[in-house]
1. Yes or no: the stretch 165-174 includes at least one residue that is at pLDDT below 90, basic (Lys, Arg) and either in contact with a Pro (Cβ under 9 Å, 6 or more places away or on another chain) or outside the structural domain of Asp83 (by TED's automatic domain parsing) (or both).
2. Would you confirm whether or not the stretch 130-142 contains a residue that is closer than 15 Å to Tyr207 by Cα, at pLDDT 95 or above and either buried (at least 17 other Cβ atoms within 10 Å of the Cβ) or not polar (S, T, N, Q) (or both)?
3. Looking only at the stretch 200-229, filter to residues that are of a type in the set (S, T, N, Q) and loosely packed, with under 13 Cβ neighbours inside 10 Å; which one of those is modelled with the lowest pLDDT?
4. Hey, can you tell me all the residues within the stretch 95-144 that are of a type in the set (Ser, Thr, Tyr) and in a helix (DSSP H, G or I)?
5. When you look at Arg109, is it buried (at least 20 other Cβ atoms within 10 Å of the Cβ), of a type in the set (Lys, Arg) and in contact (Cβ under 8 Å) with a residue 24 or more places away in the chain, yes or no?
6. So which residues in the stretch 76-119 are of a type in the set (Gly, Ala, Ser) and closer than 22 Å to Asp65 by Cβ?
7. When you check Lys197 against the structure, is it of a type in the set (Lys, Arg), at pLDDT below 90 and within 22 Å of the chain's Cα centre (by Cα), yes or no?
8. Could you check the stretch 210-227 and list, in sequence order, the residues that are under 18 Å from Gln148 (Cβ atoms) and out of contact with any Lys or Arg (no Cβ under 9 Å at 6 or more places or on another chain)?
Amino acid sequence: MRPGRPQDGGEAESVAITRRLPPSSLVVFFLVAFVGLPLDNGHAQTEPPPRGRPPNPQETAEPVDYRIGPGDVLRLFVWKEPDLSGEVTVRFDGKVTVPLLGDIDATARTPEQLASEISKSMKRFLVAPQVTVALVNSNSARFFVLGQVVRPGDFPLRGRTTVLQALALAGGFREFAKTDGIVIVRQAEGFSFPAGKAAETFLTVNYKKLENAKDVGEDVLLRPGDTVLVP
């Protein structure tokens with residue numbers, strides 16, 4: 001009988017352990033013992049997500065519902081009441097004339113809010129009236145560009161318009177304009193005529209950052225009634 005090679009204590013212990021382990025555990029055992037891969041109790045090690053630029057409040061702000069203003073043309077529709085339906089124009093005093101109800105203040109409200117109020121008022125004359133108000137023509141949706149621009153004045157707000165587009169419509173800057181100190185004056189509560197002056201907020205815009213593509217968040221989306229001031 002050929003004598004076998006004597007085994008030292010460490011090697012004998014390793015062989016004994018491998019014999020007792022199930023086949024599925026042998027791979028893990030050899031990776032730890034010979035390759036040196038770390039174990040984390042079954043939890044995968046992942047790198048923390050990269051930190052991006054903090055969101056700009058002007059970029060994340062949700063769009064504001066349209067507010068009715070003087071000069072707007074509205075379509076009033078009362079279900080099964082054609083004599084009460086039709087188009088109305090918001091007068092300079094902010095009111096509209098509605099059949100059966102007379103004059104109603106329409107400014108600073110959304111079409112849905114105005115329809116809800118008309119519906120409640122018509123319950124005195126109709127059973128369960130269903131009223132819809134739709135915007136036909138927005139004559140009050142305008143913005144203003146003042147100061148050191150080529151063509152200052154008021155402009156219609158047609159769809160999505162940013163401060164860069166507004167400055168382009170105004171012909172660009174004059175020679176000595178301070179492009180790093182542009183201010184947008186915004187009516188926080190929409191139209192308030194004739195009740196009083198609306199609260200105002202001020203947004204600063206640095207055109208130089210936009211020009212150098214350093215911060216696209218400076219290109220603020222305009223709202224009806226905004227005034228862009230270029231010092």
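The values are calculated or read from the model by the stated rules, or taken from the named source; none is laboratory data. Small disclaimer: the values here were computed from a predicted structure and weren't measured. Counting neighbours? That spans all protein chains shown, and the Cβs are built from the backbone with ideal geometry, glycine included.
1. Just the residues of the stretch 165-174 that are at pLDDT below 90, to begin with: none.
The answer is no, given that none of the residues of the stretch 165-174 is at pLDDT below 90, basic (Lys, Arg) and either in contact with a Pro (Cβ under 9 Å, 6 or more places away or on another chain) or outside the structural domain of Asp83 (by TED's automatic domain parsing) (or both).
2. Pass one, the stretch 130-142, residues closer than 15 Å to Tyr207 by Cα: none.
No.
3. In the first step, residues of the stretch 200-229 are kept if they are of a type in the set (S, T, N, Q); the result is 201, 204, 206, 212, 227.
Next cut, loosely packed, with under 13 Cβ neighbours inside 10 Å only: 201, 204, 212.
Numbers: Thr201: 90, Thr204: 93, Asn212: 80.
Among residues in the stretch 200-229 that are of a type in the set (S, T, N, Q) and loosely packed, with under 13 Cβ neighbours inside 10 Å, the one modelled with the lowest pLDDT is Asn212.
4. Taking the stretch 95-144 first, the residues of a type in the set (Ser, Thr, Tyr) are 97, 107, 110, 116, 119, 121, 132, 138, 140.
Across the stretch 95-144, the qualifying residues are Ser116, Ser119, Ser121.
5. Yes, satisfied.
6. Once the filter is applied, which keeps residues that are of a type in the set (Gly, Ala, Ser) and closer than 22 Å to Asp65 by Cβ, the stretch 76-119 yields Gly94, Ala106, Ala108, Ala115, Ser116, Ser119.
7. Working: of a type in the set (Lys, Arg): yes; at pLDDT below 90: yes; within 22 Å of the chain's Cα centre (by Cα): no.
No, not satisfied.
8. Within the stretch 210-227, Leu210, Glu211 meet the criteria.
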